[in-house]
Amino acid sequence: MANLVLWGHHLDEYQEMFDLNNKDLQGRLLEYGSGPSAFNVEVASRATECVSCDALFNLDESTLKTKATLVFADRAAQIAAQEASYDFSEYGNLQGLMKKREEGMALFFSDYQKGVSESRYVGIKEIELPFYDFKFDLALSSHYFFAGLDNQDIDFHIKAIQELARVAYEVRIFPLIDNHGELSAYLGPVLLGLQQMSYGTEIRSVPYHLEPKGNAMLRVWAHQCQAKAA
């Protein structure tokens, strides 16, 4: 968990991370593995549908809040100790980043119970997702893949991205760096594996640049939609 960046991302940050335009934000959106973020509640008035899914959402609100607070504090201390490695210009300074992310987490928790009752926050346990094929226009995953988390090897990346490409017409993943701020060693093998299975892929530069080398996202889409047997 300590390898995760600060939670509490906002809609405006997602717009830069994933190069989202107004039309994108009006579609059917899936947020995957991004923890307590403000994106779902902030985009709700614009999107046709937005569902956020994460293993953390199997927890009750009190347990989730306790875990999120501890992880956030630990990661904040790590970032403060490596302050020179980050570009805080978009936030003013380190304190500005912390304040914005804390506000994002608070907004998430103010919406969590309501969102669970409306099936906007869905707890998952396996790679397989509880959604039908191409239910969503876009699947967005922030700071989950390529981060060097436990049990996320190359095979996991390929299978999880395949599953996202099953339920969404397009998948966007940000960033492509590991927990040391370097381009992930998994990226090449994952791209090769996806391309060999006829998935379309693109690496695109994006405006978001909190970490110097973390300014690119991966786009993935299925070239062919195979009909399932009846």
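The figures follow:
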{"quantity": "Pairwise FRET efficiency - Asn21 versus Lys114, Cβ, R0 = 25 Å, nearest 0.05", "calculated": "0.35"}
{"quantity": "Ala81-Arg204 pseudo-label distance in nm [points 7 Å out on the Cα-to-Cβ vector]", "calculated": "3.7"}
{"quantity": "Percent RCO, i.e. relative contact order, over segment 11-222, from Cα pairs under 8 Å lying at least 6 residues apart", "calculated": "25"}
{"quantity": "Residue order, fewest to most beta carbons within 10 Å, for Asp133, Asp60, Asp150", "calculated": "Asp150, Asp60, Asp133"}
{"quantity": "Lysines whose Cα lies under 30 Å from that of Lys213, excluding same-chain neighbours fewer than 8 positions away", "calculated": "Lys23, Lys67, Lys99, Lys100, Lys159"}
{"quantity": "Point-charge dipole on Cβ atoms (K/R +1, D/E -1) for segment 11-222, about Cα centre, debye to 20", "calculated": "240"}
{"quantity": "Cα gyration tensor category, rounded, prolate or oblate, for segment 1-97 with a/c compared to 1.5", "calculated": "oblate"}
{"quantity": "Full-extension gain in nm, Phe88 to Ala44, via 0.36 nm per residue minus C-alpha separation", "calculated": "13.1 nm"}
{"quantity": "Sum of -39500 (n - 2.57) over DSSP H runs of 4+, divided by residues of the chain (222 nm, nearest 500)", "calculated": "-11500 deg cm²/dmol"}
{"quantity": "Footprinting exposure proxy for Val5, Val190 (fewest neighbouring C-beta atoms within 10 Å first)", "calculated": "Val5, Val190"}
{"quantity": "In Hz, Karplus ³J(HN,Hα) per residue of segment 124-132 (6.51, -1.76, 1.60; θ = phi - 60°; x = Gly, Pro)", "calculated": "10, 10, 10, 5, 5, 9, x, 10, 6"}
{"quantity": "Cα centre as origin, Lys/Arg/Asp/Glu Cβ charges: segment 1-120 dipole, Debye", "calculated": "220"}
{"quantity": "Separation between Cα centres of segment 173-218 and segment 104-122, rounded to whole Å", "calculated": "29"}
{"quantity": "Ranked Glu182, Glu211, criterion: other C-beta atoms within 10 Å, fewest first", "calculated": "Glu182, Glu211"}
{"quantity": "Stretch gain in nm, segment Phe134-Asn58, where the contour uses 0.36 nm per residue and the Cα spacing is subtracted", "calculated": "25.0 nm"}
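Since every read-out is calculated from the coordinates, none of them should be taken as a lab result. From a predicted model like this one, the values you see are computed outputs, not experimental measurements. Please note: Cβ atoms are built from the backbone with ideal geometry, for glycine as well, and neighbour counts cover all protein chains shown.
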